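Everything on this sheet refers to the single structure shown next.
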Amino acid sequence: MKVRKAVIPAAGLGTRMLPATKTVPKEMLPMVDKPVIQYIIEEAVASGIEDILIVTNRAKSAMDDYFDYYPELETRLNQAGKDKELSEVRRAADLANIFYVRQKETKGLGHAISRARRFVGDEPFAVLLGDDIMRAQRPVMGQLIAAAEKYGASCVGVQKVSTEAISKYSSVKISPLEERIFAVSDMNEKPTPSEMFSSYAILGRYVLTPDIFDILERQAPGYGGEIQLTDGLQTLCKQSKMVAVDFEGRRYDTGNLKGFLEATIDFALDHPETGAWLKSYIKDKAELL
Ligand code: G1P
């Protein structure tokens with residue numbers, strides 16, 4: 001099993017980040033000095049992915065423009081001797097082979113993934129949710145791919161969440177295989193505390209086998225009246241092997257304001273140009289609070 005392709009669903013309406021996301025796709029909001037989606041693509045590339053499909057909608061063309069060349073700007077930067085800026089602008093366009101498909105109707109995550117069928121063909125593929133940025137020593141998708149390849153199975157990335165938080169996610173029924181890796185036998189989307197299988201929730205990263213597409217085609221709408229990926233995965237884990245990786249790293253939900261701000265602070269603290277300055281700024285502020 002070799003995972004070469006990735007799908008990034010990025011067709012959501014961004015309703016948790018309004019009004020900023022009325023005309024700017026939430027995936028294009030700046031996280032320090034790069035748009036959110038670039039972190040996700042960099043994680044995929046660092047995990048060995050070569051081809052990436054972004055599932056977009058009619059309001060997201062700023063994303064395709066961002067990953068394109070921009071000759072007028074590049075010539076201007078070159079003439080001005082702004083080599084660092086020029087190489088950053090170019091690097092974004094050369095990160096990976098990026099393809100796009102539109103989800104013409106907002107019918108849920110499972111429906112968005114089903115739009116990737118022609119791109120994926122008959123191979124296993126990675127899914128990275130466009131809102132979920134990971135900060136990790138070892139790329140989180142790389143951790144999942146290693147487990148998927150080792151077990152010849154589909155794979156979901158999980159972490160423990162509190163009982164109060166589980167209803168924002170999906171919960172998995174698991175049994176241990178080795179340190180940080182479990183076998184998955186069931187799951188459900190947005191469970192109440194009494195419905196949850198465990199406190200492990202799926203958090204934005206998947207390696208799927210192509211048999212998910214036939215399942216999603218037959219999938220009835222679930223939570224929120226939408227075609228849910230989790231409902232399709234529930235069928236997949238019962239018909240073929242699936243593992244869960246309790247991945248190492250911190251996940252940020254940049255699709256809501258608090259998660260976005262937490263990620264901004266943590267990434268700015270790590271950034272060579274802003275880290276030392278932000279640390280002293282926060283210290284000064286904290287003294288005044
Ligand atoms: C989606 C998935 C859910 C997952 C969550 C976090 O939910 O449907 O299973 O736990 O992302 O990755 P959403 O955040 O779109 O409601």
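When the helices of the chain are scored as -39500 (n - 2.57) per DSSP H run of n ≥ 4 and the total is divided over every residue, the value at 222 nm lands at -10500 deg cm²/dmol. Please report the relative contact order for region 18-72, taking Cα pairs under 8 Å with a sequence separation of at least 6, and give it as a percent rounded to a whole number. Reported as a whole number, the value is 38 percent.
Over all distinct Cα-Cα pairs of region 29-137, the Kirkwood formula returns a hydrodynamic radius of 15.5 Å.
Each Cα pair under 8 Å and six or more residues apart adds its sequence gap; the mean of these over the residue count of region 172-289 is a relative contact order of 24 percent. Here region 147-273 is assigned +1 on the Cβ of each Lys and Arg and -1 on the Cβ of each Asp and Glu. Its dipole about the Cα centre then comes out at about 260 debye.
Sorting 122-128, 216-222 by average packing, meaning the other beta carbons within 10 Å per residue, from highest down gives 122-128, 216-222. For region 137-172 and region 69-90, write down the distance between their C-alpha centroids in whole Å. That distance is 39 Å. If you wrap the tightest convex hull around every Cα atom of region 152-289 and split its volume per residue, you get 160 Å³. Where does the Debye-calculated log10 I(q)/I(0) of the chain sit at q = 0.10, 0.12, 0.14 Å⁻¹, using only Cα point scatterers of equal weight, no solvent? Summing over Cα pairs of the chain leads to -0.55, -0.79, -1.06.
Please give every one of the lysines within straight-line cross-link reach of LYS150, meaning a C-alpha to C-alpha distance under 27 Å, and leave out same-chain neighbours fewer than 8 residues apart. Partners within reach: LYS2, LYS5, LYS160, LYS173, LYS238, LYS241.
Charges were assigned to the Cβ only: +1 to each Lys and Arg, -1 to each Asp and Glu. The resulting dipole of region 1-134 about its Cα centre is roughly 580 debye. Between the residues THR15, VAL89, VAL32, the greatest Cα displacement towards the positive end of the dipole of the chain, with unit charges on the Cβ of Lys, Arg, Asp and Glu, is found for THR15.
Our summary gives the chain a relative contact order of 22 percent, counting only alpha carbon pairs under 8 angstrom and 6 or more residues apart. Legend: residue pairs LYS34/LYS104; LYS190/LYS283; LYS104/LYS190, Cα-Cα distance threshold 29 Å; pairs beyond threshold, LYS190/LYS283. Equivalent-ellipsoid semi-axes for region 1-51 (Cα gyration tensor, √(5λ), whole Å, largest first): 26, 13, 6. Each residue of region 191-199 was assigned a 3J(HN,Hα) from its phi angle through the Karplus curve 6.51 cos²θ - 1.76 cosθ + 1.60 (θ = phi - 60°); the sequence is x, 7, x, 7, 8, 5, 7, 7, 8 Hz, with glycine and proline shown as x. Counted by Cβ distance under 15 Å from MET17, the other residues give a net charge of 0, where Lys and Arg count +1 and Asp and Glu count -1.
Laboratory data are not the source of any read-out in this text; all were calculated from the coordinates shown. Everything quoted here is computed from the prediction, not taken from an experiment. FYI the Cβ positions are ideal-geometry reconstructions off the backbone, even for glycines, and counts take in every protein chain you see.
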